[in-house]
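Novice: Take this structure, written in structure tokens, and hold onto it; I'll ask about it next.
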Amino acid sequence: MLAGAGAAGLAGAGAVFASLDARAAELDRDPTLGRDLVFEDQFEHLDREIWNAGPKVSNADPGYYGRSAFARFGGEEGFDPYAIVDDPDASGGTALQISAKFIGRTMTVRNYYGNDQPEFQWISGNLQTSRRDGTVTRAWRHGYFETRMLFPRHPLTWPAFWLMNRCTILAPSSAIEVDVVEHKGFEPHDYGAYLHEWGEPGARHDGSAIRVSEDMTAGYNRYGVLLVDDLCAVYFNRRLVRNHATGVPAVWAISRSAEMDLTDDAFWPLITLAILPDYPFPDPLMAEHRETRMRVDYFQVYA
């Protein structure tokens, strides 16, 4: 997951809709209508047969980014960031809690570049339905993917819900990344959504800066993406989102859709609490900011 990309490039849209207005009109409704719930995890417990904890899986790099090391199940450096907690605001009464903690001393996390760098001595969490050997426990080619999440308010947190394609694990040049939501803990009303098609030939990037009236650090909200045909459309509380500066809908064409169909490729989810790398480290880091947490009510897929 990488932050930043311009809201541009709707050139591939014509194959599906005649114009941007036609695309938006078709998709500007509750994305669950006419679709069946085909998968749901309400996080009554953390199912290790489904979820894998630790760095983003890939054979291209160790899978760390930002200022924190993503812990495996059981934790790192004496800190376990994963817990199922009682939460009366969660739809089923329990939620997945992913925490981040500043360790503040030299760490020994395998293959982590920040073990000896004071600002990078954080442990946080990343869950995914994939493994480094290419195994994917849950993936879907099309459908509507949604999480209901509560983000922390913090000077460095970088939580996200995102998707990657299965083939990218063993063939990184084919990577397709859908960032449904990337949030910065000091921007309670703003977030970003992005589509990245990495690698050559044909690398391309789309994105949208999104502003909402809700305070995303004060309560749960639903973050979703619809993948249909060669389209990717982003939703907030089941409303199609638009770039707050331009008004352009967050609807993008995935240029590698045909390639995905030929290889029977599919998308798998990741739920992450990272620490931002490109913002000044607080001096001093206040005691209340040395540990923080986000919550996930559920993950759902409709098809």
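The values are calculated or read from the model by the stated rules, or taken from the named source; none is laboratory data. Being a predicted model, the structure only gives us computed values, none of them experimental. For neighbour counting, all protein chains shown are included, and Cβ atoms are generated from backbone atoms with ideal geometry for every residue, glycine included. Areas reflect the complete protein model, heavy atoms only, side chains present, ligands, DNA and RNA absent. Shrake-Rupley method; radii C 1.70, N 1.55, O 1.52, S 1.80 Å.
Novice: Looking at region 93-103, is at least one residue among the polar types (S, T, N, Q) and farther than 20 Å from THR292 by Cα? Full working, then the answer.
Specialist: To start, the set of residues in region 93-103 that are among the polar types (S, T, N, Q) comprises 94, 97, 99.
With farther than 20 Å from THR292 by Cα added as a condition, the list becomes none.
No, that holds for no residue.
Novice: Which residues, taken from region 267-290, are open to solvent by 10 Å² or more (accessible area, probe 1.4 Å) and not acidic (Asp, Glu)?
Specialist: Taking region 267-290 and keeping what is open to solvent by 10 Å² or more (accessible area, probe 1.4 Å), we get 277-290.
Once the filter is applied, which keeps residues that are open to solvent by 10 Å² or more (accessible area, probe 1.4 Å) and not acidic (Asp, Glu), region 267-290 yields PRO277, TYR279, PRO280, PHE281, PRO282, PRO284, LEU285, MET286, ALA287, HIS289, ARG290.
Novice: Quick one: in region 95-145, which of the residues that are closer than 30 Å to ASP261 by Cβ and without any contact (Cβ under 8 Å) to a residue 40 or more places away in the chain is farthest from the chain's Cα centre (by Cα)? Explain how you work it out, then say what you get.
Specialist: We begin by selecting, within region 95-145, every residue closer than 30 Å to ASP261 by Cβ; these are 126-145.
When the remaining residues are screened for being without any contact (Cβ under 8 Å) to a residue 40 or more places away in the chain, the result is 133-135.
Numbers: ASP133: 21, GLY134: 19, THR135: 19 Å.
The qualifying residue farthest from the chain's Cα centre (by Cα) is ASP133.
Novice: Filter region 206-238 down to the residues that are crowded, with 18+ Cβ neighbours inside 10 Å, more than 21 Å from THR292 (Cα to Cα) and not aliphatic (A, V, I, L, M) and list them by number.
Specialist: ASP206, GLY207, SER208, GLY224, ASP230, CYS232, TYR235, PHE236
Residues are listed down the side, and each one gets a yes or a no for (1) closer than 17 Å to GLY192 by Cβ; (2) touching a residue at least 60 places away in the same chain (Cβ under 8 Å); (3) in a strand (DSSP E or B); (4) more than 19 Å from the chain's Cα centre (by Cα):
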position: LEU227; (1), (2), (3), (4): no, yes, yes, no
position: GLU259; (1), (2), (3), (4): no, yes, no, yes
position: PRO269; (1), (2), (3), (4): no, yes, yes, no
position: ALA274; (1), (2), (3), (4): yes, yes, yes, no
position: PRO282; (1), (2), (3), (4): no, yes, no, yes
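Novice: Continuing with this model, one more query. What are the residues in region 127-169 that are over 23 Å from GLY93 (Cα atoms), surrounded by fewer than 21 Cβ atoms within 10 Å (Cβ to Cβ) and of a type in the set (D, E, K, R), if any?
Specialist: Within region 127-169, ARG131, ARG132, ASP133, ARG138, ARG141 qualify.
Novice: Here's another thing I want to ask about it. State whether one or more residues within region 239-256 are open to solvent by 30 Å² or more (accessible area, probe 1.4 Å) and within 27 Å of ARG67 (Cα to Cα).
Specialist: Of all residues in region 239-256, those open to solvent by 30 Å² or more (accessible area, probe 1.4 Å) come to 239, 242, 244-248, 255.
Then drop every residue that is not within 27 Å of ARG67 (Cα to Cα), which leaves none.
No.
Novice: Looking at SER91, SER99, can you tell me which residue is in a strand (DSSP E or B) and under 30 Å from GLU44 (Cβ atoms)?
Specialist: On the way: SER91 fails: in a strand (DSSP E or B).
That would be SER99, the only listed residue that is in a strand (DSSP E or B) and under 30 Å from GLU44 (Cβ atoms).
Novice: Another question about this same structure. For residues that are of a type in the set (Gly, Ala, Ser) and open to solvent by less than 40 Å² (accessible area, probe 1.4 Å), scanning just region 29-56, find the one that is nearest to ALA139 (Cα to Cα). Steps first, please.
Specialist: Just the residues of region 29-56 that are of a type in the set (Gly, Ala, Ser), to begin with: 34, 53-54.
In the following step, the residues that additionally are open to solvent by less than 40 Å² (accessible area, probe 1.4 Å) were identified as 53-54.
Details: ALA53: 16, GLY54: 18 Å.
My answer is ALA53.
Novice: Go through region 58-75 and give me each residue that's among the hydrophobic types (A, V, I, L, M, F, W, C), under 17 Å from PRO159 (Cβ atoms) and assigned to a loop (DSSP other than H, G, I, E, B). Break it down into steps so the answer makes sense when it comes.
Specialist: Narrowing region 58-75 to residues among the hydrophobic types (A, V, I, L, M, F, W, C): 60, 69-71, 73.
Within this subset, residues satisfying the condition of being under 17 Å from PRO159 (Cβ atoms) are 69-71.
Once the filter is applied, which keeps residues that are among the hydrophobic types (A, V, I, L, M, F, W, C), under 17 Å from PRO159 (Cβ atoms) and assigned to a loop (DSSP other than H, G, I, E, B), region 58-75 yields only ALA71.
Novice: Can I ask one more? Check region 85-104 and report whether any residue there is touching a strand residue (DSSP E or B) at 6+ places or on another chain (Cβ under 6 Å), buried (at least 19 other Cβ atoms within 10 Å of the Cβ), at positive phi and modelled with pLDDT of 95 or more.
Specialist: no
Novice: Can I ask one more? Looking for whichever is among the polar types (S, T, N, Q) and assigned to a strand (DSSP E or B) here; the options are THR246, THR292. Which one fits? Give the derivation first.
Specialist: Details: THR246 fails: assigned to a strand (DSSP E or B).
Checking each option against the conditions leaves just THR292.
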